[in-house]
Amino acid sequence: MSVSSITETRQYLTFLLREEVFALDVSHVREILEFTTVTKVPKTPDYMRGVINLRGSVVPVLDMRLKFGLTEIEKTVNTCIIVVEVSYNGETTVIGALVDSVQEVFELEHDQIEPPPRIGTQLRTGVVKGMGKKDDRFVIILDIDEVFSSEELAGVQVTKTEEPMRMAGNE
């Protein structure tokens, strides 16, 4: 989805990673949770912090700092999980995005959003839908459906083990 596909006023939820302000279209945001205990899943990428139990559903939690190549920091009282709905293979997948803090919800008109910068051909800028401005600061508007590749989303889905564990003496 590009800036040209944004034709009306939309609401965006802003959040911080380091000192940078990012935004998500609120239509993808299900809820915001205080940081809670995350159960680590073995053999997953570093940015996959683990899973949480959200009212009986297993939700993978992905650290947006690590996903964007930033350094990990200690969790604070402001650290939270934004539960988002992501389109994957024609279905909706629920993911928790771990961020430094949530800021606010605000509206932007389509003419207040500039296309993302073109930075060579090697950088995957499809994750950036556009650049907005709020109080003389740039806001990086993310396309949450593009933040995670289909391979990454497939990797965070819960799968059954291919071979049952063998108990000693049962071989």
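Observations on the model:
- Here residue 6 does not qualify as closer than 15 Å to residue 142 by Cα, surrounded by 13 or more Cβ atoms within 10 Å (Cβ to Cβ) and modelled with pLDDT of 95 or more.
- Filtered residues of the range 21-50 (kept if surrounded by fewer than 16 Cβ atoms within 10 Å (Cβ to Cβ) and within 21 Å of residue 109 (Cα to Cα)): 26, 27
- Among the criteria (1) surrounded by 15 or more Cβ atoms within 10 Å (Cβ to Cβ); (2) touching a residue at least 40 places away in the same chain (Cβ under 8 Å); (3) of a type outside the set (D, E, K, R); (4) in contact with an Asp or Glu (Cβ under 7 Å, 6 or more places away or on another chain), the one residue 113 does not fulfil is (4).
- Taking first residues from the range 133-152 that are within 16 Å of residue 102 (Cβ to Cβ) and partners that are charged (D, E, K, R) and at pLDDT 80 or above, the Cβ contacts under 8 Å between residues at least 6 apart in sequence or on separate chains come to 139/133; 140/20; 141/25; 141/129; 142/129; 144/25.
- Checked against the criterion of being among the aliphatic types (A, V, I, L, M) and modelled with pLDDT under 85, the candidates 66, 123, 70, 98 yield just one match: 123.
- Hits in the range 6-50 (condition: in a strand (DSSP E or B), free of Cβ contacts under 8 Å to residues at least 40 places away in the same chain and small (Gly, Ala, Ser)): 50
- Against the test of being over 15 Å from residue 142 (Cβ atoms), of a type in the set (S, T, N, Q) and without any contact (Cβ under 8 Å) to a residue 40 or more places away in the chain, the options 71, 79 yield a single qualifying residue, 71.
- Residue, surrounded by the most Cβ atoms within 10 Å (Cβ to Cβ), within the range 82-101, restricted to residues that are touching a residue at least 40 places away in the same chain (Cβ under 8 Å) and of a type outside the set (A, V, I, L, M): 96
- When the range 75-92 is filtered for residues that are farther than 15 Å from residue 25 by Cβ and at pLDDT below 90, the ones remaining, listed by number, are 88, 89, 90, 91.
- There is no residue in the range 126-147 that is modelled with pLDDT under 65, part of a loop (DSSP other than H, G, I, E, B), under 23 Å from residue 28 (Cβ atoms) and not aromatic (Phe, Trp, Tyr).
The values are calculated or read from the model by the stated rules, or taken from the named source; none is laboratory data. Every value quoted in this text rests on a predicted model; they were computed, and no experiment measured them. Neighbour counts run over all protein chains shown; Cβ positions are idealised from the backbone, glycine included.
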